[in-house]
Amino acid sequence: MRGRWAQGLEPRYFTWVITERLAVSERPGGFARNHRKVRRQEELLWLAGHGFTHVLSLLDSPHNLHAYEEASLAYEHIPLGRHDELPERLRDVYTTLAAWLEHQGDVRATAEALHVHVQTVRYRLAQLREVLGDALDDGRGRLELALALLASGADV
């Protein structure tokens, strides 16, 4: 490929969460079977060209995951729900993370603040650990997460 198409196309709704470390977007390549194959290839080219090495898919649907393998991009599929459920589920996860950080990792205090069962907080934290790895257990990682929540302006 030549010209601007060789550089690929930025995925829809691409936004940095933690600059140069973690970004979010609509699933590269879309989430439906009929998503344009050309757009999917352009988005994957853009990711590879910008140094991305991993994709984390949070949608329930496994559509287009095979494209990451074809593009030699490692991926994880940790479904948080269907695409129409995702905003509510992410709000729960963000709210839990914000409360947990505010209560300095105290699960009981977090549960009380959110008016949920302790097991609900533990379950949400387990989901976050799958996505974030050691960031919850590392002081610098917790600081970056707190700053990212503040910078995002998320209503949590």
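Here is how the numbers come out for the structure above:
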| item | result |
| --- | --- |
| Residue within the range 34-46 that is among the hydrophobic types (A, V, I, L, M, F, W, C) and in contact with a Ser or Thr (Cβ under 8 Å, 6 or more places away or on another chain) present | no |
| Qualifying residues in the range 87-97 (those that are crowded, with 16+ Cβ neighbours inside 10 Å and under 30 Å from H50 (Cα atoms)) - the one modelled with the highest pLDDT | L97 |
| Selection from the range 45-91 of residues that are farther than 18 Å from A23 by Cβ, in a strand (DSSP E or B) and touching a Lys or Arg at 6+ places or on another chain (Cβ under 6 Å) | G81 |
| Odd one out for L114 among (1) within 24 Å of T19 (Cβ to Cβ); (2) in contact with a helix residue (DSSP H, G or I) (Cβ under 6 Å, 6 or more places away or on another chain); (3) crowded, with 17+ Cβ neighbours inside 10 Å | (1) |
| Some residue of the range 75-83 being in contact (Cβ under 8 Å) with a residue 12 or more places away in the chain, in contact with a strand residue (DSSP E or B) (Cβ under 6 Å, 6 or more places away or on another chain) and hydroxyl-bearing (S, T, Y) | yes |
| Within the range 38-61, considering residues that are loosely packed, with under 15 Cβ neighbours inside 10 Å and more than 23 Å from P79 (Cβ to Cβ), the one modelled with the lowest pLDDT | V38 |
| Residue match in the range 107-128 (condition: within 25 Å of N64 (Cβ to Cβ) and at pLDDT below 90) | yes |
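The values are calculated or read from the model by the stated rules, or taken from the named source; none is laboratory data. What you see is a predicted model; the values in this text were computed from it and never measured. Neighbour counts run over all protein chains shown; Cβ positions are idealised from the backbone, glycine included.
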